[in-house]
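Each remark here refers to the structure printed beneath this line.
Bear in mind that the values in this text are calculations on the coordinates, not laboratory data. It should be emphasised that the depicted structure is a prediction, and the values quoted were computed from it without experimental measurement. With ideal geometry, Cβ positions are generated from the backbone for all residues, glycine too; neighbour counts draw on all protein chains shown.
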Amino acid sequence: MGKYDNCIYAVPWPKEKAFKTKDRMLMLDYESDCPSTMLSNCAWYHLPDADAKAAHAHSCYEVLLFMGSDMNDPSNLGGQITMWLNGEKHILTKSFFVVNPSNVPHCPYTVDKIQMPMFHVAWPIDRGMKTTRLPGFPEHPEGAPRFYDANFITELKLPECRSLIDGEIPVLYVDDAIYPGCFACGVSWFTKDCVLNEKPENVRSYNQLLCFAGSDVTDSHNLFAEVEFSIGGETFCITETSYVFIPAGIPYGEFRIKNMKKPLVVTYTNDGKESMVRPL
């Protein structure tokens, strides 16, 4: 067992807890032995989901992602989602991040229509967060003013310093410059073998959490690729949908995607607010 083995989290969601409407792949939660400072879960929705998630609020920032699976039109959600934020009703038909600031009530949300699989990830930024459940279903009169439109990030706005990688199709990005107070967070498709970071050894002052997710919804745990990298001098190779946590101050090497047979989704986030020049 290596010192950083638990920085890779690939425990499949139990089959006995399977959902009818989505394929939840991973749940990085309080019970995980992964030392990630951030919590997360990821899933592919493949059917409408009218089971409204109860309204709640967290003691920390959280970002939710919903995106479509058409790489030729990544802004197309491929369906419709209704999302409530502090009682406001928002209807989305484009891929989006929703930024949920600390203690702001959010949800329920429903997947109203779906023409193609939708990829979903949630990132609460603080593993020690507290959650407050709120009763009832919010009412938002038709035509009433909304104050949270800016919390829904539907347009791709990359930092000027952000350099793309050959074979990368960026979908969405957010950081403190786009939504003040928000941590840096992004998602891209990768369509060919590549190197995600240019330096053979890197060190960051903030914690980083990556998700490498398979795009074949019939076999979503299979990356249909190999991702090689090192953390703290230990070498790893993953071939299944996985979270990878890189602790602050720990050197890590190049992330190489190779032997790709099908595109994969890569999400990247950190617990800082600096703009990301690359996913790493």
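Quick look at the numbers
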| item | result |
| --- | --- |
| Residues that are crowded, with 22+ Cβ neighbours inside 10 Å and without any contact (Cβ under 8 Å) to a residue 60 or more places away in the chain, drawn from segment 229-267 | Phe229, Tyr252 |
| Breaking point among (1) closer than 30 Å to Ser205 by Cβ; (2) surrounded by fewer than 16 Cβ atoms within 10 Å (Cβ to Cβ); (3) of a type outside the set (Gly, Ala, Ser), for Pro48 | (1) |
| Residue count for segment 216-228, restricted to those that are surrounded by 21 or more Cβ atoms within 10 Å (Cβ to Cβ) and of a type in the set (Ser, Thr, Tyr) | 1 |
| The lone exception for Asp70 - which of (1) under 30 Å from Pro141 (Cβ atoms); (2) in a loop (DSSP other than H, G, I, E, B); (3) within 19 Å of the chain's Cα centre (by Cα) it fails | (1) |
| Every residue from segment 254-273 that is part of a strand (DSSP E or B) and either under 21 Å from Gly232 (Cα atoms) or of a type in the set (Ser, Thr, Tyr) (or both) | Arg256, Ile257, Thr267, Tyr268, Thr269, Asn270 |
